[in-house]
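These notes concern the structure reproduced below.
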Protein chains: 4
Amino acid sequence: MSEVIENKRPVSWRTAITKNEDGDIHIRGYNLEDMISSLSFPAAIFLVLKGELPSDAEEKMMNAIFVSCIDAGIAPPSVGAARKVFSGGNSFNSSVAAGIMSFGDYHGGAIEQSAKFLLELLEGKDTSNIPQLAEETVRTYLAEKKRFLGLGHKIHTVDPRTTRLINVAEKAGFGGKHLTFMLEVAKQYKIQKPEKNLPLNVDGAIAAIICDMGFDWKLGKAFFIIARTPGLCAHIHEEWSREKPFRRLEHNQHIYDGVDDRKLDK
Amino acid sequence: MSEVIENKRPVSWRTAITKNEDGDIHIRGYNLEDMISSLSFPAAIFLVLKGELPSDAEEKMMNAIFVSCIDAGIAPPSVGAARKVFSGGNSFNSSVAAGIMSFGDYHGGAIEQSAKFLLELLEGKDTSNIPQLAEETVRTYLAEKKRFLGLGHKIHTVDPRTTRLINVAEKAGFGGKHLTFMLEVAKQYKIQKPEKNLPLNVDGAIAAIICDMGFDWKLGKAFFIIARTPGLCAHIHEEWSREKPFRRLEHNQHIYDGVDDRKLDK
Amino acid sequence: MSEVIENKRPVSWRTAITKNEDGDIHIRGYNLEDMISSLSFPAAIFLVLKGELPSDAEEKMMNAIFVSCIDAGIAPPSVGAARKVFSGGNSFNSSVAAGIMSFGDYHGGAIEQSAKFLLELLEGKDTSNIPQLAEETVRTYLAEKKRFLGLGHKIHTVDPRTTRLINVAEKAGFGGKHLTFMLEVAKQYKIQKPEKNLPLNVDGAIAAIICDMGFDWKLGKAFFIIARTPGLCAHIHEEWSREKPFRRLEHNQHIYDGVDDRKLDK
Amino acid sequence: MSEVIENKRPVSWRTAITKNEDGDIHIRGYNLEDMISSLSFPAAIFLVLKGELPSDAEEKMMNAIFVSCIDAGIAPPSVGAARKVFSGGNSFNSSVAAGIMSFGDYHGGAIEQSAKFLLELLEGKDTSNIPQLAEETVRTYLAEKKRFLGLGHKIHTVDPRTTRLINVAEKAGFGGKHLTFMLEVAKQYKIQKPEKNLPLNVDGAIAAIICDMGFDWKLGKAFFIIARTPGLCAHIHEEWSREKPFRRLEHNQHIYDGVDDRKLDK
């Protein structure tokens, strides 16, 4: 009878990531002990996410991507949420979680969005002549007034972090059609629409790089989350080390603009 | 008047981690752009958490620590919680957060506990003769039947991941009093209590290493969280890629053992 | 100068819900102390969400809605996530949060979806003859093979919880065009498509009721969250009271189906 | 063989709260359908948490407790965390969860702490003469300079919300030894230490009431969480309805006080 049940209801949890037999761990087929001796953390991240080891150039890009997003200061909502949760008298891990919960469509979501956009745009396209493809694509986007994801910077006409990522890529000999296309598109916007400031931004650059490394766009947020988690940890540690509990808004930071006092007749 | 308010209520948010002036980012004083070109991710993590750059040996240890904890398979509660949250129809980042919320006293908490224990144990102690200190400490712990944190393994008499971490440390020329002491303590347990299996475990080894690197024990959980986040991301991506929504427990996996049906007279 | 800053940057936090002046609290204009003496919790929930007090009939419907969703047993992913987080050695509130994080598009999201669907469907429509409108709507939906949200039940041909909610509504004299329309639509599906089982389900009924009470569809999830939170609390308390920490999947509950062991040449 | 496995590994999930057989739901033995028709939400909460139906007086107290904590304005960290998470572009339920994650030792934790303290204090004590027991207890606490949990208010010499809760209790004929004792203790502090302002506060009053209702102190946080969740929902709905995404700290709200810019030599 028990077997019948088993036939009807197959094992519900399956994974192709890690085999753990009584503490003997293999990740994507490789012995974790061997990995400790010989892999860098970014190479191990590449392996766990993608299933294969990175090339040297890919490993360098993983490092550069993660460093580029490691922290952006105290102002973003993720840091505020993380510190507020900690200040209520909560655990370190729960506070990190609150920070990560803040990473949505408007906060760290641009890599995923740009990667999806780029993959769909190039899917099935002839990429033998990328400059020409970029030229035509930009012409179409300008004519149809559609937004091209991954371009534009609030202040700079050249995004300095993008420049560095591209430098690392050039030095490492890294780069495929997605990155090439994005750079050509940025060039074309400068030619066809010089009055507008639309440099390749850091999210667009990272998106193109992870597409060239063969990652699924569904992993776009993973890159931001992995990169920024150390920054969140540093902020929570700082909150723990030198701030008092219970971060209430100050009197002069909030107002009530609802209905006036009224009487409850019930 | 406005100044008076400012005097009474100082700026409530301050940080010594990162300066971000309109996108021009300095982390612990260093230009983020320069970091992209020249720092590895583990070195940047060291910097953001500690405020200074790691030595080469420290950078190698950071890599080895993070790799050693990157994933442990599908069975732990963190992976289950993360996949269940995703399966309800929720976002990637919220699912990662649920996994991290699972890392408590019984899950990934041992590094923090061991580091705190070790720092407090050695504080103010004369460490000029560590073997003797270890010999006396173990004698006391055995006599008083107190538990020594960071030792013991469910299966192995030597923890294989610990061995690799120690190998990396030896090759890199890394190691200070905390790691030396822990290794001597493990040796003493083998001598003084040979019938018991109390090898230095991976949490104890990592704890000793981060104490030697000068980290606060309050950052103990940060090491586990940073290390395991890529593993959680891989599991959520796998859930997204090949499982159906809504992970309900199967009929044969749960029972009701409460009161029998009864009538509501109200 | 300070004033200039103030002009440029207005107070960033504003609320029309609650005024709290040094602990003297008014909610939607009413003194919280008076509310304690005279309002039921569901009436207070109505007030805080909507800004006005409920009628007697509305108060009865609030009670019935919340009771109908208070718990559904141990099987849903939210309970599993909440218990797993607790089992890792985490706090009560963090575990409740993990449960609520599981309520997504596929888990407790149907009220929101149905309410949005229903409001958009009836917007601008002439509702003077609801039976006729329902008849035409169902005809169109069947012809165009579109799915009508809020109908259908896996097992029952009549959803028993819906029946009770409708009974409560009838006894209380509650009901407007949305609920009437939904009931007529369900009737029409029975007439026009008798071979299919599409009774008004509990999510569709609640959606219609909250639309009749004038709530924004954006509050659809709030009704489920408020209703189910006590159930989550009961489960976490049960976990705390009688289970051991660390809910790892059993050996026979999971499999590894990834690549075979391989050698790391690096 | 399969049976052997089953013997070794019993069903891992069990519950005495709710029986759900293909959608036929019984909560603590009672048919959920019947509950919809006849129970108020607070009575159903009492049932799901405690296992039995409340008396009329207990039901009134449940209402009063929940109303007393339903919201406290925009200033507390829970509201800030919830709104920040939403502002990053995240879901309603994830934002509610962030608010609940903020409820820690310093935010909504006082009910649990007071209930635990009170139960332990009275355990095994002779309560036949409560005024005398209170008199002696206060004398001891003052002599030993120990803090008595549940007393004290930042502003008021009488906590107005406590007064209302006591009024509701008196009108309903509710009250046992815990509430009586707490009131006597407050009276004694006024007599023995008149210069200090130590009225029974709302957390202490709720703690005493739930102890009198026979609840486990481990459910102390549940009362605050259930009560405040509607308030959090109202705040997130307000954020959704009238605020722009991405709540970044304003320039004048934060400062950097870390090391000066320095050069990366690596």
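Here are a few things to note about the model shown:
- For the residues of C:234-244, the average number of beta carbons from a partner chain within 10 Å of their own beta carbon is 5.
- Remark: spin-label model distance C:Gln132-B:Arg139 equals 10.1 nm, labels positioned 7 Å along the Cα→Cβ axis.
- Pairwise FRET efficiency - B:Lys125 versus C:Asp56, Cβ, R0 = 60 Å, nearest 0.05: 0.25
- Euclidean distance of C-alpha centroids, segment C:215-247 and segment D:76-107, integer Å: 16 Å
- Under the combined filter of DSSP loop state and at most 12 neighbouring Cβ atoms within 10 Å, segment B:185-266 retains these GluC sites (Glu not before Pro): B:Glu195.
- For A:Leu151, the residues 5 or more places off, or on other chains, whose built amide H falls under 5 Å of its own are A:Asn201.
- Residues whose placed amide H lies under 5 Å from that of B:Arg14, excluding near-sequence neighbours: D:Ile255
- Shown for C:Gly214: label points 7 Å from Cα along the beta-carbon vector, and their distances to the equivalent points in the other copies, 4.2, 6.1, 6.5 nm in ascending order.
- Dividing the mean sequence gap of close Cα pairs (under 8 Å, 6+ apart) by how many residues chain C holds gives a relative contact order of 26 percent.
- Size of electric dipole in the protein assembly as shown: Cβ of Lys, Arg +1 and of Asp, Glu -1, about Cα centre, debye, nearest 20: 0 debye
- Dividing the summed -39500 (n - 2.57) terms of all DSSP H runs of n ≥ 4 by the residue count of chain A sets its mean residue ellipticity at 222 nm at -17500 deg cm²/dmol.
- The residue list C:Ser78, C:Ser37, C:Gln132 was ranked by how far each Cα lies along the charge dipole of segment C:1-138 toward its positive end, using unit charges on Cβ atoms, and C:Ser78 comes out on top.
- 5 angstrom amide H check on C:Tyr30, placed H, neighbours 5+ away: A:Arg262
- Among the GluC sites (Glu not before Pro) in segment A:127-160, those located in a DSSP loop and surrounded by at most 14 other Cβ atoms within 10 Å of their own Cβ are A:Glu144.
- In chain D, the beta carbon lying closest to the axis that superposes D onto B belongs to the residue given here with its whole-angstrom distance, D:Ser94, 2.
- A Gaussian network model of chain C, with springs between Cα atoms under 10 Å, assigns the largest mean-square fluctuation among C:Thr163, C:Thr15, C:Thr137 to C:Thr15.
- Ascending list, in nanometres, of distances separating the B:Lys154 label from those of the other copies (7 Å, Cα toward Cβ): 3.2, 4.7, 4.8
- The aspartates and glutamates whose alpha-carbon is closer than 19 Å to the alpha-carbon of D:Lys84, local same-chain residues fewer than 8 away aside, are A:Asp71, A:Asp105, A:Glu239, A:Glu250, D:Asp71, D:Glu238, D:Glu239, D:Glu243, D:Glu250.
- Sorted from shortest to longest, the distances between the B:Asn252 label points of this copy and the other copies are 0.8, 6.8, 6.8 nm, with each point 7 Å from Cα along the line through the beta carbon.
Throughout, read-outs are computed from the coordinates displayed, never taken from laboratory work. These figures come from a predicted structure and were not determined experimentally. No Cβ is skipped: glycine too gets one built from the backbone with ideal geometry, and neighbour counts run over all protein chains shown.
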